[in-house]
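Structure first, commentary second.
The values are calculated or read from the model by the stated rules, or taken from the named source; none is laboratory data. All values reported here derive from a predicted model rather than from experimental measurement. FYI the Cβ positions are ideal-geometry reconstructions off the backbone, even for glycines, and counts take in every protein chain you see.
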Amino acid sequence: MTSIYLAGPEVFLPGAVEMGRRKSALCAKYGFRGLYPLDAEFSGQESEGLSKQIFASNVGLIRACDAIIANLTPFRGPSADAGTVFEVGFAFGVGKPVFAFSNRIDPYLARVRCSHGPLVEKDGQFFARDGMSVENFGLSDNLMIDEAIRAQGREIVAQEVEELRLFTDLGAFEECLRQASRHFN
């Protein structure tokens with residue numbers, strides 16, 4: 001059975017295990033086996049040992065999977081979860097098909113403007129208060145994320161959902177499953 005690694009900040013939800021079950025059930029509906037990062041069991045260790053175990057487990061799951069679906073909904077700031085972004089880059093780097101979604105439709109520049117205050121525009125370039133330029137390609141996130149998805153012939157599936165459902169709405173996730181079904185069949 002084709003397996004899909006389920007990357008995203010849902011692992012931080014209070015109901016993270018239940019979310020993993022919901023996503024895995026949707027995977028099964030489309031004939032896939034969902035590999036959710038919290039499926040692994042870890043022995044109680046100090047945080048350093050535990051973090052190494054989690055890293056090794058997640059990298060192992062990505063190496064073993066046939067594809068990855070990543071939730072790139074902005075998390076704790078204007079950009080996607082850093083761990084998820086690493087997983088997207090790693091999966092892309094080892095040649096895995098990457099499907100991605102976001103439950104926000106506003107482009108990265110607009111989210112930076114919202115989170116970091118007014119931007120200064122000079123010669124068509126935007127700058128934040130810290131004087132550093134802000135990407136303005138009209139993309140969902142940093143160009144390296146969007147372009148990795150595009151390099152495989154896909155786009156990030158984007159939908160707008162209400163704030164309270166940003167990390168629980170699975171409509172765009174299910175669209176990624178439909179894309180994966182077309183890819184593998």
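Please verify whether residue 125 is touching a Ser or Thr at 6+ places or on another chain (Cβ under 7 Å) and of a type in the set (S, T, N, Q), treating the condition exactly as stated. The answer is yes for residue 125.
Within segment 80-132, the set of residues being more than 30 Å from residue 63 (Cα to Cα) and of a type in the set (Asp, Glu) comprises 106, 121, 123, 130. Looking for something farther than 21 Å from residue 9 by Cβ and touching a Leu at 6+ places or on another chain (Cβ under 6 Å) - is there at least one such residue anywhere in segment 59-76? Checked segment 59-76: no residue is farther than 21 Å from residue 9 by Cβ and touching a Leu at 6+ places or on another chain (Cβ under 6 Å). Quick one: is residue 157 closer than 20 Å to residue 75 by Cβ, outside the structural domain of residue 71 (by TED's automatic domain parsing) and not polar (S, T, N, Q)? It is false that residue 157 is closer than 20 Å to residue 75 by Cβ, outside the structural domain of residue 71 (by TED's automatic domain parsing) and not polar (S, T, N, Q). Candidates 82, 70: the one that is surrounded by fewer than 22 Cβ atoms within 10 Å (Cβ to Cβ), in the same structural domain as residue 166 (by TED's automatic domain parsing) and not aromatic (Phe, Trp, Tyr) is 82. Within segment 85-118, the set of residues being among the aliphatic types (A, V, I, L, M) and crowded, with 17+ Cβ neighbours inside 10 Å comprises 85, 88, 91, 98, 100, 109, 112. Residue 151 satisfies every condition listed in (1) in the same structural domain as residue 37 (by TED's automatic domain parsing); (2) touching a residue at least 24 places away in the same chain (Cβ under 8 Å); (3) surrounded by 15 or more Cβ atoms within 10 Å (Cβ to Cβ) except (3).
Please tell me if residue 100 is in contact with a helix residue (DSSP H, G or I) (Cβ under 7 Å, 6 or more places away or on another chain) and in contact (Cβ under 8 Å) with a residue 60 or more places away in the chain. Judged against the criteria, residue 100 is a match.
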